[in-house]
1. Among the residues of region 250-269, which ones are within 14 Å of the chain's Cα centre (by Cα), assigned to a loop (DSSP other than H, G, I, E, B) and of a type in the set (G, A, S)?
2. Please go through region 303-334 and pick out each residue that is of a type outside the set (V, I, T), surrounded by fewer than 23 Cβ atoms within 10 Å (Cβ to Cβ) and touching a residue at least 40 places away in the same chain (Cβ under 8 Å).
3. Please state which one of I229, I331, I325, I290 is touching a strand residue (DSSP E or B) at 6+ places or on another chain (Cβ under 9 Å), among the hydrophobic types (A, V, I, L, M, F, W, C), modelled with pLDDT of 95 or more and not in a strand (DSSP E or B).
4. Failed condition for K58, given (1) under 22 Å from P334 (Cβ atoms); (2) at pLDDT 95 or above, with all others met?
5. Among the residues of region 23-49, count how many are surrounded by 19 or more Cβ atoms within 10 Å (Cβ to Cβ) and not in a strand (DSSP E or B).
6. Residue check: is D81 within 30 Å of E332 (Cβ to Cβ) and touching a Cys at 6+ places or on another chain (Cβ under 7 Å)?
7. Over 28 Å from E295 (Cβ atoms) and of a type outside the set (S, T, N, Q) - does that describe any residue in region 224-233?
8. Quick test of your reading of the structure: I14 fulfils all but one of (1) more than 18 Å from the chain's Cα centre (by Cα); (2) assigned to a strand (DSSP E or B); (3) among the β-branched types (V, I, T); (4) closer than 24 Å to A175 by Cβ. Name the failing condition by number.
Amino acid sequence: MSKGSVKFESPVYICASASVVGKKESEGPLGDLFDRVEEDDLVGGKTWEEAEENLQKKAVEVLLDKAGVSPEDIDVMYAGDLLAQSMASNFGLSSFGIPFYGLYGACSTCGESLGLGSMAILAGLVKRVVCVTSSHFASAEKEFRYPLEYGNQRPLSASWTVTGSGAFLLSGEAASPRARITGLTIGQIVDSGIKDSMNMGACMAPAVASTLERHFRDFDVEPEAYDRIITGDLGKVGQQILFDLMQEKGYDITSQHMDCGIEIFDGEKQDTHAGGSGCGCCAVTLSAYILRQIESGLWKKVLFIPTGALLSKVSFNEGNTVPGIAQAVVIEQP
């Protein structure tokens with residue numbers, strides 16, 4: 001293994017998971033698979049930010065209930081979102097009283113949390129870890145683009161931020177785990193000079209190509225080693241760019257590739273343009289759909305690669321580029 005890639009010698013299990021989504025997500029192709037659907041866009045809150053806080057809280061509540069454990073049984077929680085100072089995680093999870101690490105990897109945060117949680121378990125520092133991420137369409141639009149009241153027209157390259165939260169329980173021991181994490185390739189920041197914040201796929205695709213190339217080389221595998229290579233939220237535009245970049249590197253991933261942002265919405269019926277995005281996009285898709293495919297035996301081994309566009313409202317308003325990052329996690333049958 002080279003710098004940034006880790007093959008696990010001991011097991012790290014995904015013991016349980018939970019997915020909580022909004023009404024639009026429940027109307028998409030994966031709608032029947034989510035654990036809980038919130039019909040109210042404000043999720044019982046008074047602001048969009050409070051709505052996202054409640055999404056995270058509900059996701060962890062569902063997770064703990066499904067796993068049959070209490071907050072006292074959890075050693076540490078890794079969590080993140082898209083809001084400034086990780087507002088949704090800080091406020092939404094404070095009531096659990098679990099030791100907490102707040103993360104920011106933009107929409108790649110699900111992979112970041114699974115990676116850090118796994119390494120903490122492998123190091124013998126903790127026994128049980130909760131990883132949780134979230135996003136909300138309205139809070140993200142307010143944070144990075146325009147408040148909904150502005151009514152701006154969105155270009156076809158734009159993605160639709162998923163309203164949802166996904167939570168996962170990791171442990172080095174499990175009686176009947178959902179899946180097993182067996183390796184990581186940690187992402188590197190890749191800046192291709194793109195400044196278009198309405199084209200997240202183009203900003204993130206070079207980072208995926210960088211992580212994939214390093215992963216294939218470090219693990220000495222070809223794309224065929226995986227039943228699926230699953231990116232977070234490149235959408236239709238980013239997917240094609242990724243295919244082109246990988247072809248230039250000598251890899252054809254078209255048969256194995258799947259993108260959570262494409263899967264979660266029906267692009268023709270739901271008017272989501274390039275597809276879904278946000279910290280919640282790949283998290284709820286992993287919990288509700290990908291892990292089910294692994295449990296059923298349909299997929300034995302997947303490479304899960306959440307993708308992130310590392311911009312802020314400050315960097316965007318100052319005319320900076322939008323760097324990308326992609327965190328790769330190898331997930332197999334237990």
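The values are calculated or read from the model by the stated rules, or taken from the named source; none is laboratory data. As the structure is a computational prediction, the values presented were derived from the model and not from experiment. Counting neighbours? That spans all protein chains shown, and the Cβs are built from the backbone with ideal geometry, glycine included.
1. Once the filter is applied, which keeps residues that are within 14 Å of the chain's Cα centre (by Cα), assigned to a loop (DSSP other than H, G, I, E, B) and of a type in the set (G, A, S), region 250-269 yields nothing.
2. Residues satisfying the conditions are L310, L311, S312, K313, F316, G319, N320, P323, E332, Q333, P334.
3. One residue alone meets the criteria, I290.
4. Of everything listed in (1) under 22 Å from P334 (Cβ atoms); (2) at pLDDT 95 or above, K58 misses just condition (1).
5. 9
6. yes
7. No: region 224-233 contains no residue that is over 28 Å from E295 (Cβ atoms) and of a type outside the set (S, T, N, Q).
8. Every condition holds for I14 apart from (1).
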